[in-house]
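In what follows, a single structure is set out as structure tokens and then discussed.
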Amino acid sequence: MFDPRLMVYLAAAAAALVAGLLLTPVVRRLAHAWGFVDCPGGRKTQVAPIALGGGAAVFGALLVGCLAAALLGLASGYTVWTADDAPKLAILLVACIAVVLLGLIDDRVHIRGRYKLLGQLAIAGIIVVAGARIEKFMVFGQLIELQSFAIPLTLFWLLGTMNAINLIDGIDGLAGSVGTVLCLTIAAITAWQGNVSETVILLSLAGAQLGFLRYNFAPASIYLGDAGSMLIGLVIGAVAVHTSVKASAALALAVPVAVWSIPILDSAAAILRRKLTGRSLFTPDRGHLHHSLLVRGWSVRQAALFIVLICATTCLSAVLSVIWRNEFIALVTVVAVLVFLIFTRTFGHIEFALLRDRVRFPVFFRDARDNADSSLSRTTCIRLQGSREWDKLWAAIIESADTYRLTRLKLSLSIPALHEAFFATWETSARELKQHAEDRGWRLVHPLIVDNESVGMLEIAGVSLDGSTLAQVIPVLEFLEPIEEDIRQIREHIRLDRDAVKTGQSQISLRAVRPDGKPEGTPTVPSFAPETVLRG
């Protein structure tokens with residue numbers, strides 16, 4: 001006999017798909033009429049304004065899909081939404097409306113990261129207060145009862161899912177494609193477990209995204225925006241929480257890890273990269289997985305399809321783990337994908353190198369190491385992105401470190417317009433300077449500014465053996481002064497060469513600046529702005 005649930009599922013997906021196809025052009029037209037567009041310039045590489053507000057179209061299509069499933073259920077005498085589902089659906093609806101509004105406001109006025117995070121926390125709190133909490137999960141057959149940690153872990157989970165999709169939304173069609181794969185994966189799991197209402201919601205969201213992708217895949221005519229990416233993450237995360245509450249047995253931790261492995265990897269790498277290079281966690285950069293693929297010469301479509309493929313691989317392993325009740329399938333697949341990305345230097349190798357350097361000499365071993373071998377200075381030099389030879393500049397800077405009695409140097413460069421990023425640190429080997437660093441040390445934080453745009457930071461620490469900090473710092477500033485004229489010239493070259501840079505044909509190369517201020521080669525060095533913070 002034909003299963004009525006299948007008809008409900010098909011109706012939800014099909015209705016949302018058609019609604020997405022019809023609503024998206026309407027939203028796009030309204031966005032252009034109201035000036036709600038993403039304009040070229042800065043980090044934006046499109047050549048014309050692109051409509052925003054795609055999240056509103058996806059949300060509308062999601063509602064249409066759920067409504068169609070409910071109406072079909074009523075017509076056929078099959079109950080899709082039970083009385084127990086009503087409070088849960090009402091709370092989820094309120095949270096979705098709130099996250100779409102928050103995202104639309106952010107797309108319009110660009111809310112600061114900390115305030116947007118507070119808004120997300122409040123929205124996640126609505127769901128948690130309503131009773132949706134992750135109470136337990138299974139790890140290698142061991143049941144973990146969260147008890148008092150249930151609320152904070154559920155909040156962390158919902159914040160993570162909202163931001164994971166948001167962070168990967170960097171190229172046309174990527175967030176919607178990955179979101180569709182995630183929805184279909186969890187829908188397969190919820191359908192296998194017999195959770196009809198959750199399956200309908202996920203299939204409706206998958207259909208809505210597929211309809212939207214017709215206009216969002218490269219070249220996109222409308223963007224998903226924060227409203228759409230956060231909506232997708234919130235719905236998937238909330239449905240997963242509700243499913244864990246309804247499940248009779250705890251869900252194996254490996255399953256959500258496998259489903260979210262690629263967004264988690266991309267988000268964790270971004271956090272690690274920014275933290276280890278001393279930048280704010282809210283600072284955007286071009287170090288995400290899709291950026292790494294584009295720099296390798298891949299097209300936007302190729303990059304999006306590759307990421308969707310590896311995401312589908314880990315998601316399939318999650319489904320098989322549930323069906324065969326073997327979480328090792330998911331874990332082995334995730335590890336294999338991670339190892340593949342790192343060792344083929346596709347993604348993650350930069351963050352791995354940064355982490356390896358940081359933990360190579362733990363803080364509590366540092367004094368013993370220094371005493372054992374004080375003849376070796378410690379230096380790290382990592383090209384985070386791009387092809388320019390910033391290490392020559394770095395070599396020129398540290399060449400004069402002993403002359404000015406410097407103890408530490410850290411250079412962090414980020415030039416998204418050129419797809420360039422560089423990070424380096426240096427620590428002196430002179431025992432005498434280290435001994436006086438505590439009582440006679442000084443530290444200088446020097447922003448790198450180009451045409452009123454920050455491109456990095458240089459941190460310098462040294463020792464004033466004669467007791468005059470100012471007398472020690474002035475020569476250092478004089479040493480940096482010749483570089484300022486270099487960057488002004490290079491910035492002009494960058495403007496003239498911008499089109500060539502985008503096609504990978506830039507002719508700009510690097511010049512190292514010697515301690516005496518004399519150049520070597522052709523310049524491409526960042527400027528040192530006079531905004532110096534001195535700390536004794």
- Message: Please compute the volume of the convex hull spanned by the alpha-carbon atoms of segment 50-194 and report it per residue in Å³.
- Response: 151 Å³
- Residue by residue through segment 182-187, which ³J(HN,Hα) values in whole Hz follow from phi under the Karplus form 6.51 cos²θ - 1.76 cosθ + 1.60 (θ = phi - 60°), with glycine and proline marked x? 5, 4, 5, 5, 5, 5
- Task: For segment 114-129, take each phi angle, set θ = phi - 60°, evaluate the Karplus expression 6.51 cos²θ - 1.76 cosθ + 1.60, and give the result in whole Hz per residue in order, putting x for glycine and proline.
- Result: 5, 6, 5, 5, 5, x, 5, 5, 5, 5, 4, x, 4, 5, 5, 4
- Message: Tell me the Kirkwood radius of segment 161-274: reciprocal of the mean inverse pair distance over distinct alpha-carbon atoms, in Å.
- Response: 14.5 Å
- segment 9-74-segment 203-241 distance, computed between alpha-carbon centres (Å): 8 Å
- Return the long-range amide H neighbours of Phe347 (sequence gap of 5 or more, or a different chain), with a cut-off of under 5 Å between placed amide H atoms. Ile342
- Message: Looking at the calculated P(r) for segment 166-213, what percent of the C-alpha pair distances fall above 12 Å?
- Response: 59 percent
- Query: With all pairs of different alpha carbon atoms counted, what Kirkwood hydrodynamic radius in Å does segment 1-129 show?
  - Reply: 17.1 Å
- Item | Protection-proxy order for peptides 323-335, 169-181, each taking the mean of Cβ atoms within 10 Å per residue, highest first | 169-181, 323-335
- Relative contact order (percent, whole number), segment 157-301, Cα cutoff 8 Å, 6+ residue spacing: 34 percent
- Query: With θ set to phi - 60° and the Karplus curve 6.51 cos²θ - 1.76 cosθ + 1.60, what are the ³J(HN,Hα) couplings of segment 319-334 in order, to the nearest whole Hz, using x for Gly and Pro?
  - Reply: 4, 5, 5, 5, 5, 8, 6, 9, 6, 5, 4, 5, 5, 5, 5, 4
- Kirkwood hydrodynamic radius (Cα pairs, Å) of segment 293-358? 13.3 Å
- How many Å² of accessible area per residue for segment 178-285, probe 1.4 Å? 28 Å²
- Query: Using all Cα-Cα distances in segment 103-177, what percent lands in each 10 angstrom bin from 0 up to the longest?
  - Reply: 16, 38, 30, 14, 2
- Let me know the volume per residue of the alpha-carbon convex hull for segment 255-301, in Å³. 90 Å³
- Query: Over the Cα atoms of segment 217-346, Rg to Rh with Kirkwood Rh, two decimal places?
  - Reply: 0.99
- Item | Neighbourhood net charge (13 Å Cβ-Cβ; Lys/Arg +1, Asp/Glu -1) for Gly173 | 0
- Query: How do Trp298, Trp390, Trp34, Trp192 stack up against each other in accessible area, from largest to smallest, with a 1.4 angstrom probe?
  - Reply: Trp34, Trp192, Trp298, Trp390
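The values are calculated or read from the model by the stated rules, or taken from the named source; none is laboratory data. Because the structure is a prediction, the values reported are computed rather than measured. A quick note on method: Cβ atoms are made from the backbone with ideal geometry, for glycine too, and the neighbour counts reach across all protein chains shown. Quick note on the areas: whole protein, heavy atoms, side chains included, nothing else; ligands and nucleic acids left out. Shrake-Rupley method; radii C 1.70, N 1.55, O 1.52, S 1.80 Å.
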